[in-house]
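Just below is one structure, and these are the notes that go with it.
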Amino acid sequence: VGEDAEVEPCLVDAGAFDPGQAGRQTAAQDTGNGPLRPYPDRTAIEASAPGKALAWMRPEDLFFLQIQGSGILNLDDGRRMKAVYAANNGWPFLSIANPMRSRGLLAGDNTSAETIRAWLADHRGPDAQAIMRLNPRYAFFNLVPDDGRRPVGTANVPLPAGRALAMGKSGSVVLQCV
């Protein structure tokens, strides 16, 4: 889970970069010497030198944390911290399940999150990285102490234990937290 120490994300109306996205919040880079600029895609972010790291984890765990939007981190010193969604780079979320199935990496009837995570772990390195980079969205987090409370959804209502669904404006399911 990383945070760029030199370029902090700030939330802006996405219409500043794409008039078709007006009214939707997105993260922008404030470099301190000119206009705000949109964040690049996952590939470019991951190719850049890391800034100040908030925590270190396996690439597939970070990928799923970014999809789920929050999580609990158990640190080596025994502390528990919440990784809380702060913003994303403004790129669309693209599922990797269909491309993995199309390439024969997963059975057509078995594209569950658990199966995808296992494949990514078993192929950690360039193969898994290439698959994860098919999703250009990159999420940014803040770390806060774990207060023991359940996570809350966008309506600021505690989520039920086990699962929560996030719905897109069109009514499509865009995320399933397990």
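Key figures for this structure:
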| quantity | calculated |
| --- | --- |
| Where A83 falls short, out of the listed (1) of a type in the set (A, V, I, L, M); (2) over 19 Å from D61 (Cα atoms); (3) buried (at least 17 other Cβ atoms within 10 Å of the Cβ) | (2) |
| Subset tally (residues that are open to solvent by less than 30 Å² (accessible area, probe 1.4 Å), in contact with a Ser or Thr (Cβ under 8 Å, 6 or more places away or on another chain) and closer than 21 Å to E46 by Cα) for the range 98-139 | 3 |
| Those residues of the range 1-40 which are small (G, A, S), surrounded by 14 or more Cβ atoms within 10 Å (Cβ to Cβ) and either farther than 22 Å from F63 by Cβ or at pLDDT 75 or above (or both), in sequence order | A14, A16, A27, A28 |
| Close pairs from the range 90-110: first within 12 Å of L134 (Cα to Cα), partner of a type in the set (D, E) and assigned to a loop (DSSP other than H, G, I, E, B), Cβ under 6 Å, at least 6 apart | W91/D41 |
| Given (1) over 27 Å from D18 (Cα atoms); (2) open to solvent by 60 Å² or more (accessible area, probe 1.4 Å), number of the condition S95 does not satisfy | (1) |
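The values are calculated or read from the model by the stated rules, or taken from the named source; none is laboratory data. In this text the structure is predicted, and so the values were computed from the model without any measurement. Because the Cβ atoms are built from the backbone with ideal geometry, glycine has one as well, and the counts that use them run over all protein chains shown. All accessible areas refer to the heavy atoms of the entire protein, side chains included, with ligands and DNA or RNA removed. Shrake-Rupley method; radii C 1.70, N 1.55, O 1.52, S 1.80 Å.
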